[in-house]
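Just below is one structure, and these are the notes that go with it.
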Amino acid sequence: MIEISEPIKTERLSLRPFTAEDERDMLEFESIPEVARYLFNEPRTPEDNAQELAVRQKQTRIGEEGDTLMLAVDLDGKAIGYVLLFWLSEQNKQGEFGYVLHSGYHGKGYAGEAAVEMLRLGFEKLDLHRIIGRCDPRNGASAKLMERLGMRKEAHFIESEIFKGEWGGELHYAMLAKEWRDSRWSS
């Protein structure tokens, strides 16, 4: 089980549970069309942003299969994005991680810095055997980030689902626990 009550500190960031005070910061990045472009949701309105924030405030622990841990990516007191870890299968010890960042903070290494900590939690605290990451094939920055993290591309699904009214594809990346232990980030 993982429960986060205190922030996880990285070199420049703090990964912490969402609070009611994050509503304005969250809307700032969640309402940007470029940020929502490859997500299943549309850019958020103030109303659905508030509803989503209420859900995220409860996602502070993983205790069983199907649970999601969602943490705000905090830079100097401002929520600039989020990272998540989802427990896909207890029996098969598998999880999925993800990250979303305010477009004004792209290209500075923040997403990678935060993503490493989700992999660390999954492999070192939840004892997962395998963690996957998925992205739209048009999202080259996300694909490159997963490759920099040492994940391997396992699949490219072409026109596999209707995504925002058109056929879309999906790239699947994965890392095994033994690959994590051999990585430069492993504790």
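The values are calculated or read from the model by the stated rules, or taken from the named source; none is laboratory data. Everything numeric in this text was worked out from a predicted model, so none of it was measured. We place every Cβ from the backbone using ideal geometry, glycine too, and count neighbours over all the protein chains shown.
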> List the pairs whose first member sits in region 13-30 and is within 10 Å of Gln57 (Cα to Cα) and modelled with pLDDT of 95 or more, whose second member is outside any helix (DSSP H, G or I) and of a type in the set (S, T, N, Q), and whose Cβ atoms are under 6 Å apart, counting only residues at least 6 apart or on separate chains?
Replying inline: Pro17/Thr60; Phe18/Gln57
> Give me the pairs: first residue in region 34-46 and more than 16 Å from Glu170 (Cβ to Cβ), second residue at pLDDT 90 or above and in a loop (DSSP other than H, G, I, E, B), beta-carbon distance under 6 Å, and six or more apart or on different chains, which are they?
Replying inline: Ala36/Glu42; Ala36/Pro43; Pro43/Ser31; Arg44/Ser31
> Inside region 11-34, can you point out the residues that are surrounded by 15 or more Cβ atoms within 10 Å (Cβ to Cβ) and either hydroxyl-bearing (Ser, Thr, Tyr) or part of a loop (DSSP other than H, G, I, E, B) (or both)?
Replying inline: Leu13, Ser14, Pro17, Phe18, Ser31, Ile32
> Yes or no: Glu147 touching a residue at least 24 places away in the same chain (Cβ under 8 Å) and surrounded by 15 or more Cβ atoms within 10 Å (Cβ to Cβ)?
Replying inline: no
>> Quick check on Tyr110: is it at pLDDT 95 or above, surrounded by fewer than 17 Cβ atoms within 10 Å (Cβ to Cβ), of a type in the set (Ser, Thr, Tyr) and farther than 16 Å from Met175 by Cα?
In response: no
>> For the condition assigned to a loop (DSSP other than H, G, I, E, B) and either under 25 Å from Glu11 (Cβ atoms) or over 17 Å from the mean Cα position of the chain (by Cα) (or both), what is the one hit in Leu119, Leu128?
In response: Leu128
>> Whether any residue in region 87-97 is at positive phi, surrounded by fewer than 17 Cβ atoms within 10 Å (Cβ to Cβ) and among the acidic types (Asp, Glu) is what I want to check.
In response: no
> Pairs under 6 Å by beta carbon, first residue closer than 13 Å to Arg181 by Cβ in region 120-137, partner of a type in the set (D, E, K, R), six or more apart or different chains?
Replying inline: Leu128/Lys93; His129/Lys93
> Within region 157-176, is even one residue out of contact with any strand residue (DSSP E or B) (no Cβ under 6 Å at 6 or more places or on another chain), of a type in the set (Gly, Ala, Ser), surrounded by fewer than 17 Cβ atoms within 10 Å (Cβ to Cβ) and in a helix (DSSP H, G or I)?
Replying inline: no
